[in-house]
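> Sharing a structure below in structure tokens format, with a few things to ask.
The values are calculated or read from the model by the stated rules, or taken from the named source; none is laboratory data. All values reported here derive from a predicted model rather than from experimental measurement. Here the Cβ is made from the backbone with ideal geometry for all residues, glycine too, and neighbour counts use every protein chain on show.
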Amino acid sequence: MKQALRVVLDTNVAVSALVFRDGILASLRLAWQSGRVEPLVDRATAGELVRVLAYPKFRLTEAERETLLADYLPWCRVVALPRRPPAVPACKDADDVAFLRLAITGKADYLVTGDRALASLAGRFVCPILSAAELLRHIGPGMGRGG
């Protein structure tokens, strides 16, 4: 069996995979549940996910949020950042620094994002930065819709 790809999923990607069960990223859930990818999280990125799932626009009850987190966090590898976090490239959005640090510390194979500020660092970062659709195409048949 192939070793799972270590991936950092930005919050928008993780939320889309969790909340929109019929959306294009729903198959990403299958990828982590089948062991094809292993999402990496740390205190900051998990905290942001919890905070975003509580946004009123999602209209999720506390029980629904807990269920969604239970569909994600057990599949994740928790990474502890060093006391002195690694240096990262300058990024337009300060909130994205946590994902860059996690990718470096966790030795991620890919950082997966739909965020333009993060995507703009592609080719200048220690690991490839992909869209979720690109990741799904990369991991193989049956993981992505439409191509």
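> If a residue must be in contact with a helix residue (DSSP H, G or I) (Cβ under 9 Å, 6 or more places away or on another chain) and either in contact (Cβ under 8 Å) with a residue 60 or more places away in the chain or not small (Gly, Ala, Ser) (or both), how many such residues does the range 71-96 contain? It would help to see each step written out before you state the result.
Initially, the range 71-96 is screened for residues in contact with a helix residue (DSSP H, G or I) (Cβ under 9 Å, 6 or more places away or on another chain), giving 71-73, 75-76, 78-82, 85-89, 91-93, 95-96.
Okay, now just the ones that are also either in contact (Cβ under 8 Å) with a residue 60 or more places away in the chain or not small (Gly, Ala, Ser) (or both), so 71-73, 75-76, 78-79, 81-82, 85-86, 88-89, 91-93, 95-96.
Counting residues in the range 71-96 that are in contact with a helix residue (DSSP H, G or I) (Cβ under 9 Å, 6 or more places away or on another chain) and either in contact (Cβ under 8 Å) with a residue 60 or more places away in the chain or not small (Gly, Ala, Ser) (or both) gives 18.
Conditions tested, residue by residue: (1) under 18 Å from residue 122 (Cβ atoms); (2) in contact with a Leu (Cβ under 6 Å, 6 or more places away or on another chain).
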{"site": "9", "(1), (2)": "yes, no"}
{"site": "15", "(1), (2)": "no, no"}
{"site": "22", "(1), (2)": "no, no"}
{"site": "37", "(1), (2)": "no, yes"}
{"site": "64", "(1), (2)": "no, no"}
{"site": "68", "(1), (2)": "no, yes"}
{"site": "81", "(1), (2)": "no, no"}
{"site": "91", "(1), (2)": "yes, no"}
{"site": "97", "(1), (2)": "yes, no"}
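> Moving to a separate point now. Give 96, 42, 109 a once-over and let me know the one that is of a type in the set (Asp, Glu) and modelled with pLDDT under 95.
Values: 42 fails: modelled with pLDDT under 95; 109 fails: modelled with pLDDT under 95.
None of the others qualify; the one that does is 96.
> Here's a follow-up. Listed residues 25, 49, 60; which is buried (at least 20 other Cβ atoms within 10 Å of the Cβ) and over 21 Å from residue 79 (Cα atoms)?
On the way: 49 fails: over 21 Å from residue 79 (Cα atoms); 60 fails: buried (at least 20 other Cβ atoms within 10 Å of the Cβ).
That would be 25, the only listed residue that is buried (at least 20 other Cβ atoms within 10 Å of the Cβ) and over 21 Å from residue 79 (Cα atoms).
> A further question follows. Can you say whether residue 103 is at pLDDT 95 or above and assigned to a loop (DSSP other than H, G, I, E, B), as far as the supplied structure shows?
On the way: at pLDDT 95 or above: yes; assigned to a loop (DSSP other than H, G, I, E, B): no.
No; evaluated as a whole, the condition is false for this residue.
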